[in-house]
1. Within region 180-195, how many residues turn out to be modelled with pLDDT under 95 and either near the ligand (Cβ under 9 Å from one of its atoms) or not in a helix (DSSP H, G or I) (or both)?
2. Looking at (1) within 16 Å of the ligand (Cβ to nearest atom); (2) touching a residue at least 40 places away in the same chain (Cβ under 8 Å); (3) part of a loop (DSSP other than H, G, I, E, B), can you tell me which one residue 127 breaks?
3. Restricted to region 104-124, and to residues that are assigned to a loop (DSSP other than H, G, I, E, B) and closer than 23 Å to residue 192 by Cα, which residue is nearest to the ligand (Cβ to nearest atom)?
4. Which of the residues spanning region 103-136 are surrounded by 11 or more Cβ atoms within 10 Å (Cβ to Cβ) and closer than 19 Å to residue 171 by Cβ?
5. Is one or more of the residues making up region 55-67 assigned to a helix (DSSP H, G or I) and either surrounded by fewer than 18 Cβ atoms within 10 Å (Cβ to Cβ) or within 16 Å of the ligand (Cβ to nearest atom) (or both)?
6. Being farther than 17 Å from residue 182 by Cβ, at pLDDT 90 or above and either within 14 Å of the chain's Cα centre (by Cα) or outside any strand (DSSP E or B) (or both), is that true of even one residue in region 74-87?
7. Of the conditions (1) within 16 Å of the chain's Cα centre (by Cα); (2) at negative phi, residue 52 satisfies every one except a single condition; which number is it?
8. For residue 41, indicate whether it is buried (at least 16 other Cβ atoms within 10 Å of the Cβ), outside any strand (DSSP E or B) and modelled with pLDDT under 95.
Ligand SMILES: C[S@@+](CC[C@H](N)C(=O)[O-])C[C@H]1O[C@@H](n2cnc3c(N)ncnc32)[C@H](O)[C@@H]1O
């Protein structure tokens, strides 16, 4: 297990928080459906934070996580497995897949699930998908053993697969979320850099940078 990141001064933390803001992918949510292992939740939160995904939702029917975000941030197991990323990421839990979809649909989110298998009507290879088509996007990851549920497939719009070339059936949750979210955030950051949102909507004459300089502490 890696140690938590060393503590930094308040000014350094504030500078970093300001510097990363423009690179965060707005209206992008990663959903983990019924994960069994808290270590995997921590790994996904770490990926989400590192890649600039705005939020993480966890469908948690076993009630392994506290309801309150502050309590969640204080959870030692999550802080350790996410190397403190949980302190900096918005994490919300839901009791069921349907509760999570109800909330996402009420807020006009388009959902895609991920699986190594063919699921539902529309199946897309990760590298062939366009993840900028919908302003609000939720990307679902399934349980370590069972994979994504039939209910999630039924209520989502497409199923995304990372091509597999080996003898094994699937990648693990941490690895697959890293690969999928890398592609999705790369596309959305590129789009965000070229187009303005809201009332001043339209193409920017000078695209914003899509990569942060590495000298920001
Ligand atoms: C260990 S896998 C689950 C394996 C399970 N036997 C199944 O049928 O999906 C955990 C999750 O990682 C993601 N995943 C794993 N391999 C993937 C792949 N090749 N393409 C897309 N997602 C994948 C999916 O979200 C999956 O539900």
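The values are calculated or read from the model by the stated rules, or taken from the named source; none is laboratory data. Given the structure is predicted, the values throughout are model-derived calculations rather than measurements. So basically every Cβ, Gly included, is an ideal-geometry build from the backbone, and we count neighbours across all protein chains shown.
1. So the count comes out to 1.
2. Result: residue 127 fails condition (3) only.
3. Checked region 104-124; the qualifying residue nearest to the ligand (Cβ to nearest atom) is 109.
4. If the condition is that a residue be surrounded by 11 or more Cβ atoms within 10 Å (Cβ to Cβ) and closer than 19 Å to residue 171 by Cβ, then 112, 113, 114, 115, 116, 117, 119, 123, 124, 126, 129, 131 are the ones that fit.
5. No, because not a single residue in region 55-67 is assigned to a helix (DSSP H, G or I) and either surrounded by fewer than 18 Cβ atoms within 10 Å (Cβ to Cβ) or within 16 Å of the ligand (Cβ to nearest atom) (or both).
6. no
7. For residue 52, the failing item is (2).
8. Answer is yes for this residue.
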